[in-house]
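Working notes for the structure below.
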Amino acid sequence: MAGWTDAHCHVQDYYLAADDEGNKDLGATLTRAFAAGVTRAVVVGTDATSSKEALEVTSFASPVAMWATVGLHPHEANADLAPIARLARAGHPRLVGIGECGLDYFYDHSPRERQRESFAAQIGLAHELGLALVIHARDAFEDLFSILRSEGVPPRTVIHCFTGTPADAEGCLDLGCDISISGVVTFKNAEDLREAARLVPLDRLHVETDSPFLAPVPHRGRPNQPAFVAVVGEFVAALRGEDPAVLREATSANSARLFGFFPSGTSETP
């Protein structure tokens, strides 16, 4: 593995942060990422528009190889899932996952019953198409576990931007889910998350930015960007007492496996 993999970012135009002059420059964003040692990224959809753009951005000429997911975020659970399903079934060559989908009982921007229904439907879509499932979970782990047990956990499933307790992490791992850590782990009040990050087996761990959100310390308060996944990874390595290079290699390999970047028998060259 040549460098860091940002396992979850939003760099499509729908989300891409503007520079100080108010311009959105995907090329500059990805050039900075590559300079920081990032060689792969997964661009994640949250509704029909951002999912379509996520697929489109994977063809952007860049030193960072990109793949995409399509999904309906729990905040958007009232929306029609049909456009997402059509995108998923169209067979785009860089489509690697369904999501982000799941449950968010912290903000409750959508009725909880609709969140549960939308989540279950997207689990079914991941099963149908053999794609990875990317889960958003906030203050909802009891219902999350219940739905996953009911619907069946897809073989390749990740809890993105994990912010739960060590017990929540154990529950995710016991169900067969991988765990992805974002810049939240660097925040002052995130001791439970740091404890959880220490207990995740190295072969089940991913790192991400969730850019443009949740920039890590010392960049907190600025728009996040894929370049900062190196900051997250190095922090997590120090937290776990591991060599950053070892963690970089492991998390990149984990993401390649989870998302199926390189199908069996093919070259790893994007």
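The values are calculated or read from the model by the stated rules, or taken from the named source; none is laboratory data. It should be emphasised that the depicted structure is a prediction, and the values quoted were computed from it without experimental measurement. All Cβ positions, glycine included, derive from the backbone under ideal geometry; neighbour counts span all protein chains shown.
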Is it the case that Gly3 is closer than 22 Å to Ala250 by Cβ, touching a residue at least 40 places away in the same chain (Cβ under 8 Å) and surrounded by fewer than 17 Cβ atoms within 10 Å (Cβ to Cβ)? no
Single match in Pro270, Pro212 (criterion: part of a loop (DSSP other than H, G, I, E, B) and at pLDDT below 95): Pro270
Hey, among the residues in segment 35-48 that are farther than 19 Å from Pro93 by Cβ and in contact with a Phe, Trp or Tyr (Cβ under 6 Å, 6 or more places away or on another chain), which one's surrounded by the most Cβ atoms within 10 Å (Cβ to Cβ)? Val38
Within segment 192-205, is there a residue that is buried (at least 18 other Cβ atoms within 10 Å of the Cβ), part of a loop (DSSP other than H, G, I, E, B) and under 14 Å from the mean Cα position of the chain (by Cα)? no
Do we find a residue being of a type in the set (A, V, I, L, M, F, W, C), farther than 19 Å from Gly102 by Cα and in a loop (DSSP other than H, G, I, E, B) anywhere in segment 172-186? no
Which residue pairs have Cβ atoms closer than 9 Å, lie 6 or more positions apart in sequence or on different chains, and pair a first residue in segment 89-118 that is on the phi > 0 side of the Ramachandran plot and buried (at least 16 other Cβ atoms within 10 Å of the Cβ) with a second residue that is among the basic types (Lys, Arg) and not in a helix (DSSP H, G or I)? Gly102/Arg138
Got a sec? Which of Ala88, Ala41, Ala79 is in a helix (DSSP H, G or I), out of contact with any Gly (no Cβ under 8 Å at 6 or more places or on another chain) and at pLDDT 95 or above? Ala88
Scanning segment 99-133 for residues that are of a type in the set (D, E, K, R) and either over 17 Å from Asp143 (Cα atoms) or within 19 Å of the chain's Cα centre (by Cα) (or both) gives Glu100, Asp104, Glu128
Can Pro244 be described as in contact (Cβ under 8 Å) with a residue 60 or more places away in the chain and surrounded by fewer than 20 Cβ atoms within 10 Å (Cβ to Cβ)? no
Does segment 81-88 contain at least one residue that is touching a His at 6+ places or on another chain (Cβ under 9 Å), surrounded by fewer than 23 Cβ atoms within 10 Å (Cβ to Cβ) and in contact (Cβ under 8 Å) with a residue 24 or more places away in the chain? no
If we keep only residues of segment 156-189 that are touching a residue at least 24 places away in the same chain (Cβ under 8 Å) and among the small types (Gly, Ala, Ser), then the residue surrounded by the most Cβ atoms within 10 Å (Cβ to Cβ) is Ser182
